[in-house]
Amino acid sequence: MNPAVGVDLGTTNTVIGVQIDNTGPRTLDVLQPADEKGVLAPYDHIKSAVYFDSDDTAVVGEFAAGRLEAFRSIKSRMGTRCRFRHPVRKSLQMTPAWISAHILKLAYDAVQRAFPAWDKQAIVTVPASFNTDQRNDTLRAAAIAGFQGVQLLDEPTAAFYFYFDQNRQEFMDKPSQTVLVFDFGGGTLDVSIIRVIATGSDLCIDPIGRSRYNNLGGDDIDVDLASFFLALWEQQENCRLENLSTEERAMIVQLFVHRSSQFKEEAEYYLANDQPLNEFVIDHELPKTRRVIQFRRVMTRSQYEDISGRFFLDKGDLNVFRPIGQALEVAASIVSGFGKADIDLVLSTGGASRMMGLKAALESYFTPKRCFSITDEEACNTVALGAASCRFDEQQGQRGVRTTSRLLESVFTRDNDSGEYVEVVPLTCEPSSEFTRVLTRFRLPRPAIKLALPLFRGVGSLDHNLVPMQDLEFGFQRVIPAGTYYSLSYQMTQNKTLEIRGRFEPDSGAPIEVDSQVELHQEGKLKGPPKVPLARIN
């Protein structure tokens, strides 16, 4: 049996969705270590944590998440030049893609164990705001883990697909509906605007707006809560964290953040049931130092709402409303005059979207429009289930449903002559089998055997918040003289990864066509199949 597989590679949790028939998708339980004895237990998610326990093995999942020295939230480093030293094999520098591959390897092994005839293909979801470097890192991690033929799907689109799959007739009955998907996870907040157009028996799912990449997520609320409790603990112990050793300080902070995350989930349950908040309790002995951390505190509802609700106010640079405004701004660039009033339905999903304060904030902001929140049982799994449903429709040759794919952000470089930002790739860019030439011509300011062209992402050339990307690099076999003119052309894949070519036209000799140089990581594939919970490295 060849299942349709969708993998939500999350900042906090990774979830696998599978679908084998028309009864719909379901999550796949994954065996993983539950304690220090290596006892395996099934969970419907994988904690996105990797603990390297020796020079050639790693433990992934529930047990790793409880280890203070484990790598967490590695998704937020994808597409960057960050390198991490292996804690045991000190000579090994690990990339974010390499660490993420261990999480995906556990997912890969779980699917292959449950479905031996699986074709190793899957949809892996990413934030809609992931740029080409982040998407390439995700594809690289999936390939290292053993996946083949991976398709990337934006997380808000996958979440919408889950809702759409259960309510297809609702969208068939109206010529057009516009849905704002608010996906608030552990490490990222993704906002997308999706227009659904019905023409006869055909439906077009057309994303027209999205927010920019940001690190705002439920983890930020955990840190704020931890800071509150840590200050009280310092008073209780009459000590300052800054006076402790770096290693001990890091362990204490991670301990309080980890417990604050659990406390937040428990507190939201009590708030939903109109009950007093639970007590915050830590009774833990730190490894190596043998320091015992004992702390108990009752937090009032008012204190909790003040701390946890800081991002639910339309104030400051970091709040949930700024990404909404960014998505509306992009939508207005696609559909002239588009505004908040054109939203028909607000669909919120993601683990952190279940917070009572957030629900109230969204309802107030979008009133009188309908705000629908995925149920508590499904909120954390929506993206994976929607991805599996989308993959199932593709496998079955489902007709009548088409999904468009635009870049929804512009890519710019800086002109050396004018100093102005020049658009290289427009936000309306769609996948193509051919390269599109950029109209602007550029000129080399000095002789070069290598050119590093800075790239930026944003909405328009007058955007005051352009975000730098990794430089676009071209290498030559000989020195190209100063003053040489060159042009650029671009192509986007279905996975929204970009390839950019340069055509250099020196006064003497034939024009030189050069592809951008992509940094290659040489870690290789993970050895397998290893023991169930382990992913080996070379």
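The values are calculated or read from the model by the stated rules, or taken from the named source; none is laboratory data. A quick note: this is a predicted structure, and the numbers were derived from the prediction, not measured. Note that each Cβ is placed from the backbone with ideal geometry, even for glycine, and that neighbours are counted across all protein chains shown.
Picking from residues in the range 323-353 that are of a type in the set (G, A, S) and within 18 Å of the chain's Cα centre (by Cα), the one that is farthest from D183 (Cα to Cα) is A327.
Evaluated against (1) buried (at least 16 other Cβ atoms within 10 Å of the Cβ); (2) under 20 Å from S192 (Cα atoms); (3) not small (G, A, S), D137 falls short on exactly one condition, (2). Selection of the range 77-97 for residues being touching a Gly at 6+ places or on another chain (Cβ under 8 Å) and of a type in the set (G, A, S) yields an empty set.
Being in a loop (DSSP other than H, G, I, E, B) and among the basic types (K, R) is the filter; apply it to the range 249-292 and report the residue that is surrounded by the most Cβ atoms within 10 Å (Cβ to Cβ). Per the stated criteria, the residue is R291.
Here's the yes/no breakdown for (1) in contact with a Cys (Cβ under 7 Å, 6 or more places away or on another chain); (2) farther than 21 Å from V383 by Cβ; (3) not acidic (D, E):
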{"position": "P323", "(1), (2), (3)": "no, no, yes"}
{"position": "E329", "(1), (2), (3)": "no, yes, no"}
{"position": "S333", "(1), (2), (3)": "no, yes, yes"}
{"position": "G339", "(1), (2), (3)": "no, yes, yes"}
{"position": "D344", "(1), (2), (3)": "no, yes, no"}
{"position": "A352", "(1), (2), (3)": "no, no, yes"}
{"position": "M355", "(1), (2), (3)": "no, no, yes"}
{"position": "T367", "(1), (2), (3)": "no, yes, yes"}
{"position": "F372", "(1), (2), (3)": "no, no, yes"}
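Within the range 1-25, residues that are acidic (D, E) have Cβ atoms under 9 Å from residues that are part of a strand (DSSP E or B) and buried (at least 24 other Cβ atoms within 10 Å of the Cβ) in these pairs: D8/T14; D8/V15; D8/I16; D8/G17; D8/V124; D8/T125, counting only partners at least 6 apart in sequence or on another chain.
Filtering the range 456-505 to residues that are farther than 19 Å from L444 by Cα and of a type in the set (D, E, K, R) leaves R457, D463, K496, E499.
So that you can scan it fast, the table gives a plain yes or no per residue for (1) acidic (D, E); (2) modelled with pLDDT of 90 or more:
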| site | (1), (2) |
| --- | --- |
| C239 | no, yes |
| E247 | yes, no |
| V253 | no, yes |
| Q262 | no, yes |
| E266 | yes, yes |
| L271 | no, yes |
| D274 | yes, yes |
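What number goes with the only condition from (1) free of Cβ contacts under 8 Å to residues at least 40 places away in the same chain; (2) part of a loop (DSSP other than H, G, I, E, B); (3) closer than 26 Å to T382 by Cβ; (4) not aliphatic (A, V, I, L, M) that P42 does not pass? Failing condition for P42: (2).
Condition test on V424, is it part of a strand (DSSP E or B) and in contact with a Pro (Cβ under 6 Å, 6 or more places away or on another chain)? For V424, the condition - part of a strand (DSSP E or B) and in contact with a Pro (Cβ under 6 Å, 6 or more places away or on another chain) - is not met. Among the residues of the range 121-143, those that are modelled with pLDDT of 95 or more and of a type in the set (S, T, Y) comprise T125, T138. For the range 433-468, filtering for residues that are basic (K, R) and over 33 Å from the mean Cα position of the chain (by Cα) leaves 3. Answer yes if at least one residue in the range 428-435 is touching a strand residue (DSSP E or B) at 6+ places or on another chain (Cβ under 9 Å), surrounded by 14 or more Cβ atoms within 10 Å (Cβ to Cβ) and not in a loop (DSSP other than H, G, I, E, B), and no otherwise. Within the range 428-435 (the criterion being touching a strand residue (DSSP E or B) at 6+ places or on another chain (Cβ under 9 Å), surrounded by 14 or more Cβ atoms within 10 Å (Cβ to Cβ) and not in a loop (DSSP other than H, G, I, E, B)), the answer is no, since none of the residues qualifies. Of the residues making up the range 409-421, those that are under 25 Å from the mean Cα position of the chain (by Cα) and part of a loop (DSSP other than H, G, I, E, B) number 1. With the structure loaded, tell me whether H102 is surrounded by fewer than 24 Cβ atoms within 10 Å (Cβ to Cβ) and at negative phi or whether it fails that test. Taking the combined requirement at face value, the residue does not satisfy it.
Residues in the range 216-248 that are assigned to a helix (DSSP H, G or I), farther than 30 Å from P323 by Cβ and free of Cβ contacts under 8 Å to residues at least 12 places away in the same chain: E234, Q235, E237, E242, N243, T246.
Within the range 62-116, the residues that satisfy the criterion of being within 19 Å of the chain's Cα centre (by Cα) and of a type in the set (S, T, N, Q) are S73, S76, T80, T95, S100.
Scanning the range 344-367 for residues that are crowded, with 16+ Cβ neighbours inside 10 Å, farther than 21 Å from T12 by Cβ and of a type in the set (S, T, Y) turns up just one, Y365. Summed over the range 383-408, the residues that are within 17 Å of the chain's Cα centre (by Cα) and surrounded by fewer than 24 Cβ atoms within 10 Å (Cβ to Cβ) give a count of 1.
When the residues of the range 308-343 are filtered to those that are of a type in the set (D, E, K, R) and more than 29 Å from L9 (Cα to Cα), the one that is surrounded by the most Cβ atoms within 10 Å (Cβ to Cβ) is D342.
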